[in-house]
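The values are calculated or read from the model by the stated rules, or taken from the named source; none is laboratory data. It should be emphasised that the depicted structure is a prediction, and the values quoted were computed from it without experimental measurement. Note that each Cβ is placed from the backbone with ideal geometry, even for glycine, and that neighbours are counted across all protein chains shown. With ligands, DNA and RNA removed, areas are computed over all heavy atoms of the protein, side chains included. Shrake-Rupley method; radii C 1.70, N 1.55, O 1.52, S 1.80 Å.
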Amino acid sequence: MSEPGRSADGRVVVRCPTADATFDLGRRLGAVAEAGDRIALIGPLGAGKTALAKGFAAGLDVTDTVDSPSFTLMAEYHGRLPLFHLDLYRLHDAAEAIDGGLLDEREADGVTLIEWGERLPAAVDPDRVELRLTVEPDDARTIEVIAATPDQRRYVVAAAR
């Protein structure tokens, strides 16, 4: 992984040249996760959201196989904290996620990781950490980690390692 770019406002950009580097970034982020955290993965199809989610789960000491929950919409895993892994790809808007019961009080005891997080706008979920994934021309991934609150800057620090 190349040297990340830092800024003082709770953001960092990390370049991941391989899927393994994307997994490793996810693992570092999962290691600093705390109960009640909500993480939105935002990026196009094939950007590495599931690889990042698998690494995040590893950072939470989840031993089960983590796959994209596209057809179940939410999968729950057990590790150091419960992991609620949502995939909003098939939903059209935030109302469908809320009406479908994908956001509930159980998530306060664990970490909620949301693939296709752009389908649940920040206005609906303002205190989330955003991970914005971009595919570069050389097939590397650029991942911007954005902390919504000062407490979440631990994600920025972990990403910058």
Restricting attention to region 35-59, the residues that are buried (at least 24 other Cβ atoms within 10 Å of the Cβ) and assigned to a loop (DSSP other than H, G, I, E, B) number exactly 1
How many residues, within region 55-102, are at positive phi and at pLDDT 85 or above?
-> 1
Condition test on R132, is it open to solvent by 30 Å² or more (accessible area, probe 1.4 Å), within 15 Å of the chain's Cα centre (by Cα) and closer than 12 Å to R15 by Cα?
-> yes
Selection count where residues are open to solvent by 70 Å² or more (accessible area, probe 1.4 Å) and in a loop (DSSP other than H, G, I, E, B), scope region 135-161 | 4
Before we move on, is V32 modelled with pLDDT of 95 or more, open to solvent by less than 40 Å² (accessible area, probe 1.4 Å) and farther than 16 Å from V156 by Cβ?
-> no
